[in-house]
There are 2 protein chains.
Amino acid sequence: MPSYTAPAKDMQFLLQEVLNVTEAGVPGYEELEPAFTAAVLEEAGKLASEVLAPLNAVGDAEGCVLENGVVRTPAGFKAAFAAMKEGGWTALDGHPEHGGQGLPYLMQCVVGEIFVSANMAFNMYQGLTHGACSAIQAHGSDEQKATYLPKMIACDWTGTMNLTEPHCGTDLGLLRSRAEPQADGSYRITGQKIFISAGDHDLAENIIHLVLAKAPGGGEGTRGISLFIVPKFLVNADGSLGARNAVSVGKIEKKMGIHGNATCVLDYDGATGFLLGELHKGMRAMFTMMNEARLGVGLQGYAVAEAAYQNARAYAKDRLQGRAVTGAENTAGPADPLIVHPDIRRMLMDQKSFVEGARALTFWGASLIDRHNRQGDAAADGLIGLLTPVIKGFQTDKGFEMAVQAQQIFGGHGYIEEQGMSQFVRDARIAMIYEGANGVQALDLVGRKLAADGGRHVMGFFEMVKAECKAHDGDDRMKPFTDALKAASKQLQAAGMFFMQNGMKNPNAALAGSYDFMHLMGHVCLGLMWARMARAAHVALDAGAPDRAFYEAKLTTGRYYMARHLPACAMHLARIESGAEPVMALDAGAF
Amino acid sequence: MPSYTAPAKDMQFLLQEVLNVTEAGVPGYEELEPAFTAAVLEEAGKLASEVLAPLNAVGDAEGCVLENGVVRTPAGFKAAFAAMKEGGWTALDGHPEHGGQGLPYLMQCVVGEIFVSANMAFNMYQGLTHGACSAIQAHGSDEQKATYLPKMIACDWTGTMNLTEPHCGTDLGLLRSRAEPQADGSYRITGQKIFISAGDHDLAENIIHLVLAKAPGGGEGTRGISLFIVPKFLVNADGSLGARNAVSVGKIEKKMGIHGNATCVLDYDGATGFLLGELHKGMRAMFTMMNEARLGVGLQGYAVAEAAYQNARAYAKDRLQGRAVTGAENTAGPADPLIVHPDIRRMLMDQKSFVEGARALTFWGASLIDRHNRQGDAAADGLIGLLTPVIKGFQTDKGFEMAVQAQQIFGGHGYIEEQGMSQFVRDARIAMIYEGANGVQALDLVGRKLAADGGRHVMGFFEMVKAECKAHDGDDRMKPFTDALKAASKQLQAAGMFFMQNGMKNPNAALAGSYDFMHLMGHVCLGLMWARMARAAHVALDAGAPDRAFYEAKLTTGRYYMARHLPACAMHLARIESGAEPVMALDAGAF
């Protein structure tokens, strides 16, 4: 069975030496002293290794069961959920006014990575709740906040997001769920929602569904959509639970992975709902949570890859098979460990260099969200808006690819379910799909984010890359990083230029290259992260840090990423510059 | 539920217009007249669509069950197996002396693709038997051939291959199964074999296991290995079945996919076995079947992708979501079909252009095996030896990637098991692992095949590419093909040169780039196939062929492959030229 240990050292390095949190000037970050974050990481790591990780395979094998209209989670989930609540882990960045600890969102992500690596399906119950809390925090009335947030931040009640219907997912303008206004100010909600993660379960007393539906008078398409709070059990004025609401579980989907999380069809049959935020502004309310939600999925992408990598690494050191081509190394044994073989190392280095780069990008992204939320930094908001589709799309694609590679290291054993490597692959797969399929992320990036505010944010990004390279002019040790990053950044700019020159007269010329652009930008982002990490590693080495091996490994891993992954940028650019014609030339009928 | 239709038109195009089988001068090919091959394709397609494809999901959901030591296959498999036998499909290229139809191996592959696309797990029962027949045909005594082949060619008895043991797969020198010679000339086989596909089942009266084991006196490592015939039921002199042999099923593995095929642990406890071929030459006997077996797995790679593509294409035309960015197309409906969106088309074109190219490469590879088997063509044998790891490794990697992409087109629905797209992904995954994991294919290619016979075969391949390009000098219509192919071929040569210059002093410099080389060569091979297909399409168009749309789609699809996929070659070359250092620099302890 797979095991998991939180990469606390690497996380500390990012927080304290790359992001330099205590000196970053973000309100609240001053509390993130090394001793404090180390303690958080240690405690979260303990819960993850000892409680959550051992349940990962259980959740996969047992799945959730719908019995008499109620969903039962796998054995052990209830106790683990209780342990998570008791540890205060669900309330980390919740508003102190409602019982939260008020920590920065960054810490929510750091801890979130640990929990996702250990048990992605399990962590979704609290993850979805976190998203629902953010929506209520941002758009709820004082009364709604008081009614729901304390219970939800504590995860006594959990939350869900209800967008998708059988005939529409991406194109929400088509949705059919209706909200009829009632005399008492509430609404009657009717319709069917599908793919509702954590849609029902036995882990909490109540479930607060956030539901998109159309109320009369809003017009066609997405403009008519509003957002409603629809509790599973209505809440009495004194906060106690009242009548069961008219929402029922139609079925649980049988999925490729994340079996431990109940993905439900929910049928709303005149259920009582309460408007959240403004009438007919439901889409806008949803979109305010988008960056956080998508960053959270991008985090899943590399967090599952991290768990898969840890196990592949252990197997590669342990399994004896063949001899090193340069001469036997384990001469006392019948064969050498797999890790002596260059192609095994290639796969391990791919995984390691991706995961560490993606972690840096995700933490940086989380810090931008904090800068916006805690100090109203508009530039940070624009930048994270630009980076979000990259973090979501690139990281989940690559995370899946890396989980597949980790499985590959096990040979035939990787294909056997009991090894657990298959589960990582099957679980990681969903992250490429939900919260906006990755093609939609690419569309968002190229169709909206590049041009947002006159292109100011992408220009700012390029300036940032340029400044990073310039800061190391003449530093030979940094050349492997800055040379590759400069070249990749130029390629990204050339791609943007191609879109500008061709996209106006033919939008397909931009959209046909959108996916490649997302990946090209992903590599540039990770290249930038590696340059920053390399700089921090040199600072530590120059200062005579005691754990030299860690910093030297960091530099070696980064050089690998630059040498072996940034060459993908030229390929993406070539594809982009081939334009719309190859993609669009074939008649639909000729497929 | 997914459906499947054999791509008969494309197969005919390859046979009759690209390979020009009837004029190829290969003994037996003269029978492959268009009317004959069309009839074969039609009948095979009917069996596949009506009988095999509907059982694919059944096999996945039910799996195989071990009850009282006997394996039960999923509902419907028995009747389907009977239908396959009755149609004579198992005997297609079997030797006529033993009841086979004596058709070329090429036709076995053509029909094999159809059956694999329809139901990969099911087709493995006869596929493994085919491999065992080839081994007995090549190495068996006349008596062994007479005893086993007629029954096995008819699939009254099926076959298996037993190589892997718990502690060794790739490194067979470590194997522990023992063969003790008996006074009557037989051997007593003792040991445990794992991952035995079709290891037990209820589809046939008997199962003929081919088992690698060590007999005394053979020395260390792989030199001591011999190959044995170990029937589940011993065969009496009159051909009737005798005593149950001492081989039992330890368990069935619970796997990520191909649930319909029983992957068994087989325990040999002094089972009676008969030497097949020469004593201590078992590895050589296995290797004679290697090209066919690996080509068969490379075929699985694209055959599953074909099935996945067919369903993704149908979904993309049917599912209404969003509007074309260039203006609504389905104005009478609530939204446009997915296929209007450039990024959906990108995925469909990726799949289509890969599958059609891989089909051409596989059929060409099969024809090289026929040239060797039927006319002793040593150059063809050398060439297919070179191409085999590429066909296996590149095509299964890409086939999996394309199945994932097909699933992606379904959005969230693709993640739900009942749609069937998850099964394609899970089934396709194994092809990257078994019959030599793809990293081992890359090692075989770069470590052995490139240098084989003084590099004669790879030189021959380069000459062939050059000749193809030269044949179209001055033909502007062919420029998109020949320009890209020339550039890619130069990159491949540069990679080979890098290995030559650096691999001698440091073999890791070659092995660290082996995987990229395999992929680079895969793209060059598919580029060559696309050039040949384009040439054939132009010939047909120039001759005024009636189905112009088919040939024009062929050209458009090929141009897509050249424009959007061959740019990967430069990336692979850059990675290769980064050498061993980035891959090997990190201490094993620093991972």
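The sole residue among A:Leu266, A:Leu227 that is under 30 Å from A:Met432 (Cβ atoms) and touching a Leu at 6+ places or on another chain (Cβ under 9 Å) is A:Leu227. Out of all the residues in region B:351-360, is one or more hydroxyl-bearing (Ser, Thr, Tyr) and within 18 Å of B:Asp397 (Cβ to Cβ)? So far as region B:351-360 goes, yes, one or more of its residues are hydroxyl-bearing (Ser, Thr, Tyr) and within 18 Å of B:Asp397 (Cβ to Cβ). I need a count of the residues in region A:327-349 that are over 25 Å from the mean Cα position of the chain (by Cα) and open to solvent by less than 50 Å² (accessible area, probe 1.4 Å). Number of matching residues: 15. The number of residues in region B:154-188 being within 25 Å of A:Gly322 (Cβ to Cβ) and either of a type outside the set (D, E, K, R) or not in a loop (DSSP other than H, G, I, E, B) (or both) comes to 18.
The residue that is surrounded by the fewest Cβ atoms within 10 Å (Cβ to Cβ), counting only those in region B:4-39 that are hydroxyl-bearing (Ser, Thr, Tyr) and not in a helix (DSSP H, G or I), is B:Thr5.
Restricting attention to region B:534-581 and to residues that are of a type outside the set (Asp, Glu), on the phi < 0 side of the Ramachandran plot and part of a loop (DSSP other than H, G, I, E, B), the residue that is most open to solvent (accessible area, probe 1.4 Å) turns out to be B:Pro546. Taking region B:40-138 as the region of interest, none of the helices (runs of 4 or more DSSP H) fully inside it holds 2 or more residues being within 23 Å of B:Leu276 (Cβ to Cβ), of a type outside the set (S, T, N, Q) and in contact (Cβ under 8 Å) with a residue 60 or more places away in the chain. Here B:Phe517 meets each of (1) under 29 Å from B:Met347 (Cα atoms); (2) open to solvent by 10 Å² or more (accessible area, probe 1.4 Å) with one exception, condition (2).
None of A:Gly298, A:Gly282 is within 27 Å of A:Arg535 (Cα to Cα) and either buried (at least 24 other Cβ atoms within 10 Å of the Cβ) or among the polar types (S, T, N, Q) (or both) except A:Gly298. Selection of region A:175-223 for residues being open to solvent by 10 Å² or more (accessible area, probe 1.4 Å) and among the charged types (D, E, K, R) yields A:Arg176, A:Arg178, A:Glu180, A:Asp184, A:Arg188, A:Asp202, A:Glu205, A:Lys214, A:Glu220, A:Arg223. The requirement of being surrounded by fewer than 20 Cβ atoms within 10 Å (Cβ to Cβ), under 28 Å from B:Ala531 (Cβ atoms) and of a type outside the set (S, T, N, Q) is satisfied by B:Ala378. Which members of region A:437-459 meet the condition of being in a helix (DSSP H, G or I) and within 14 Å of chain B (Cβ to nearest Cβ)? A:Asn438, A:Gly439, A:Val440, A:Gln441, A:Ala442, A:Leu443, A:Asp444, A:Leu445, A:Val446, A:Gly447, A:Arg448, listed by residue number. If the condition is being within 14 Å of another protein chain (Cβ to nearest Cβ) and out of contact with any helix residue (DSSP H, G or I) (no Cβ under 7 Å at 6 or more places or on another chain), then region A:522-567 contributes A:Asp547, A:Glu552, A:Thr556. Residue-level analysis places B:Pro507 among those that are more than 30 Å from A:Gly513 (Cα to Cα) and either of a type in the set (Val, Ile, Thr) or within 8 Å of chain A (Cβ to nearest Cβ) (or both). When you look at B:Gln423, is it more than 8 Å from chain A (Cβ to nearest Cβ) and either open to solvent by 20 Å² or more (accessible area, probe 1.4 Å) or at negative phi (or both), yes or no? When the stated conditions are applied, B:Gln423 passes them. Scanning region B:307-320 for residues that are open to solvent by less than 10 Å² (accessible area, probe 1.4 Å) and farther than 17 Å from A:Gly589 by Cβ turns up B:Ala307, B:Ala308. Cβ-Cβ distances below 9 Å connect the following pairs, each with a first residue in region B:580-591 that is more than 16 Å from A:Arg313 (Cα to Cα) and facing chain A (nearest Cβ under 7 Å), a second residue that is open to solvent by 40 Å² or more (accessible area, probe 1.4 Å) and not in a helix (DSSP H, G or I), and a separation of six or more residues or different chains: B:Ala580/B:Asn506. Just to check your reading of the model, which residue among B:His519, B:His472 is away from chain A (no Cβ under 11 Å) and touching a Phe, Trp or Tyr at 6+ places or on another chain (Cβ under 7 Å)? Criteria check complete, one pass: B:His519.
Scanning region A:386-416 for residues that are at the interface with another protein chain (Cβ under 10 Å from one of its Cβ atoms), of a type in the set (D, E, K, R) and touching a residue at least 40 places away in the same chain (Cβ under 8 Å) returns a single hit, A:Asp397. Among the candidates A:Gln144, A:Gln108, A:Gln101, single out the residue that is under 21 Å from A:Leu241 (Cβ atoms) and open to solvent by 20 Å² or more (accessible area, probe 1.4 Å). Exactly one residue qualifies, and that residue is A:Gln144. Consider region A:224-248 and keep the residues that are hydrophobic (A, V, I, L, M, F, W, C) and either over 23 Å from A:Lys214 (Cβ atoms) or open to solvent by 30 Å² or more (accessible area, probe 1.4 Å) (or both). The one that is farthest from the other protein chains (Cβ to nearest Cβ) is A:Ala237. For first residues located in region A:329-342 and facing chain B (nearest Cβ under 10 Å) and farther than 15 Å from B:Cys168 by Cβ, partners that are outside any helix (DSSP H, G or I) and open to solvent by less than 30 Å² (accessible area, probe 1.4 Å) and lie 6+ apart or on another chain with Cβ distances below 6 Å form the pairs A:Glu329/A:Asp336; A:Val340/A:Ala324; A:Pro342/B:Ala512. Tell me the residue from A:Lys398, A:Lys352 that is under 29 Å from the mean Cα position of the chain (by Cα), within 24 Å of B:Gln405 (Cβ to Cβ) and open to solvent by 10 Å² or more (accessible area, probe 1.4 Å), please. Matching residue, one of A:Lys398, A:Lys352: A:Lys398.
Residues considered: A:Ala293, A:Ala324. Of these, the only one that is out of contact with any Cys (no Cβ under 7 Å at 6 or more places or on another chain) and open to solvent by 20 Å² or more (accessible area, probe 1.4 Å) is A:Ala293. Just to be sure, is B:Phe77 open to solvent by less than 30 Å² (accessible area, probe 1.4 Å) and of a type outside the set (S, T, N, Q)? Against the criterion (open to solvent by less than 30 Å² (accessible area, probe 1.4 Å) and of a type outside the set (S, T, N, Q)), B:Phe77 qualifies.
The values are calculated or read from the model by the stated rules, or taken from the named source; none is laboratory data. For clarity, every value in this text was computed on a predicted model and none was experimentally measured. Using ideal geometry, Cβ is built from the backbone for each residue, glycine included, and neighbour counts are taken over all protein chains shown. Heavy atoms of the whole protein, side chains included, go into the accessibility calculation; ligands, DNA and RNA do not. Shrake-Rupley method; radii C 1.70, N 1.55, O 1.52, S 1.80 Å.
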